[in-house]
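The structure appears right after this line, and notes come after that.
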Amino acid sequence: MLKHRKTIESLEPYRPGKPISEVKRELGLTDIVKLASNENPLGCSPKAVRAIIEWTKDIALYPDGNCTELRNALASRFSLSPSRFLFGAGTDQILEIIAQTYINSGDNTIMGWPSFSRYEAVTRIMDGTAIKVTLTGDYRLDLKAFLDAIDDKTRIIWICNPNNPTGTIITEQEQREFLKRVPDNILVVLDEAYHEYVQDANYPRSIQLLDEYDNIIILRTFSKIYGLAGLRVGYAISNENIISYLNRVRGPFNVNAAAQVAAVASLEDREFVEDSIRINQEGKQYLYRAFDDMGLEYIPTHGNFIMVNVKKDSVQVFRDLLLKGVIVRSGDIFDMDNWLRITVGTPEQNATLINALKTVL
């Protein structure tokens with residue numbers, strides 16, 4: 001009989017949402033509004049689409065294993081050496097690479113909770129322990145408690161900023177004060193998947209820290225504001241030493257060619273990014289007003305999603321909304337049983353959501 005690693009037994013598989021086509025078929029619906037996965041409601045840049053179409057003539061060729069054009073484009077954007085970047089099939093894969101590189105059996109990592117669940121998963125896959133630090137009363141990462149949780153087995157600290165699912169941020173000053181107190185033998189991962197959406201002047205300028213600290217990795221993605229979630233491409237920025245070790249673990253050709261050309265083209269379309277920011281800002285204000293009118297508590301967000309307290313079992317509300325053709329994320333997976341996480345959509349999608357929510361509540 002085949003034997004699996006013992007640490008796998010306690011892991012739960014990721015629970016993906018059903019595809020829109022399947023929901024339509026099961027429920028007999030013709031229209032679905034999906035506001036569950038923090039995708040860009042505007043889609044992606046037309047320049048990215050054109051780049052993919054042009055690329056199809058080379059579909060039989062392996063992708064560039066070095067992501068050269070994308071690497072150079074980002075290096076130019078941030079005025080950094082190209083050798084300071086690592087690419088993955090989304091930041092999910094990069095989290096796996098980081099864990100495989102730095103976590104041994106018996107080590108621990110520190111994360112906020114609720115926060116992005118993959119931090120815990122990649123830690124436990126490597127037979128490590130994830131120390132989950134409860135958020136503050138205003139749903140922010142408790143950096144003091146993070147520091148208090150550090151021991152001689154701590155290898156990585158995960159900082160999700162803005163935090164998913166709460167949408168809250170830590171500030172530039174808070175991050176700098178925190179990093180000063182973290183021992184330099186502990187890796188700090190600054191996961192900034194939603195950073196393009198943030199419009200707060202106090203949000204950290206993490207790129208400037210790369211020459212001050214040798215123990216940080218910054219994560220960014222093309223899945224959110226750039227709308228390339230279906231292609232899976234994310235990147236890490238760090239010093240050359242860390243990147244060189246991560247590259248020893250990274251497999252060849254891990255970022256497909258369509259993702260690479262689309263990402264390069266997306267970087268050139270500033271107008272699309274600005275439109276996405278505008279739609280998100282307007283959508284947040286609309287939802288805030290609607291929730292206020294409904295007497296519902298919500299967490300003001302710096303991302304493209306909002307946590308709202310519906311004062312009922314979130315799984316049941318999720319199911320009721322699904323019957324009306326609206327897909328959201330129930331809060332039970334975050335231990336927030338009466339909350340929903342809702343992606344900010346287009347004006348039409350937001351209105352459909354609010355009308356459905358009023359009905360089911």
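Side notes on the structure shown:
- What the Cβ-Cβ distance of GLU12 and ASP211 gives, at R0 = 45 Å and to the nearest 0.05, is a FRET efficiency of 0.65.
- Whole-Å distance, taken between Cα centres, linking the range 236-289 and the range 49-116: 9
- LEU2/LYS311 FRET efficiency (R0 45 Å; Cβ-Cβ; nearest 0.05): 0.40
- Here the gap between ASN66 and ARG176, fully extended at 0.36 nm per residue and compared with their Cα-Cα distance, gives a gain of 36.4 nm.
- Relative to the current alpha-carbon distance between SER244 and GLU348, full extension at 0.36 nm per residue lengthens the span by 32.8 nm.
- Estimated purely from DSSP H runs of n ≥ 4, each contributing -39500 (n - 2.57), the mean residue ellipticity at 222 nm for the chain is -11500 deg cm²/dmol once divided by its residues.
- Taking GLU54, GLU39 and counting other C-beta atoms within 10 Å, the order from fewest to most: GLU54, GLU39
- Under 5 Å, built H, 5+ apart or other chain: amide partners of VAL326: VAL33
- In terms of distances greater than 21 angstrom between alpha carbons, the cross-link table entries LYS47/LYS284; LYS34/LYS132; LYS144/LYS311; LYS34/LYS324; LYS24/LYS284; LYS24/LYS311 yield LYS47/LYS284; LYS34/LYS132; LYS144/LYS311; LYS24/LYS284; LYS24/LYS311.
- Modelled label positions at GLU54 and ASN355, each set 7 Å beyond Cα in the direction of Cβ, lie 4.1 nm from each other.
- The residues neighbouring GLY88, those whose beta-carbon lies less than 9 Å from its own, together hold a net charge of 0 under the Lys/Arg +1, Asp/Glu -1 convention.
- Environment charge at ILE125 (Cβ cut-off 11 Å; Lys +1, Arg +1, Asp -1, Glu -1): 0
- Spatial separation of Cα centroids for the range 205-233 and the range 122-148, in angstrom: 20
- Backbone N atoms of the range 322-361 closer than 17 Å to the 7 Å Cα→Cβ label point of GLU26 belong to residues 322-333.
- Förster radius 22 Å - calculated FRET efficiency between TYR288 and LEU42, Cβ distance, rounded to 0.05: 0.60
- The Kirkwood radius of the chain, taken over pairs of alpha-carbon atoms, gives through the Stokes-Einstein law at 37 °C and 0.692 mPa s a diffusion coefficient of 153 µm² s⁻¹.
Read the figures in this text as sums done on the coordinates, not as results from a lab. A quick note: this is a predicted structure, and the numbers were derived from the prediction, not measured. Cβ sites come from the backbone with ideal geometry, for glycine too, and all protein chains shown count toward neighbours.
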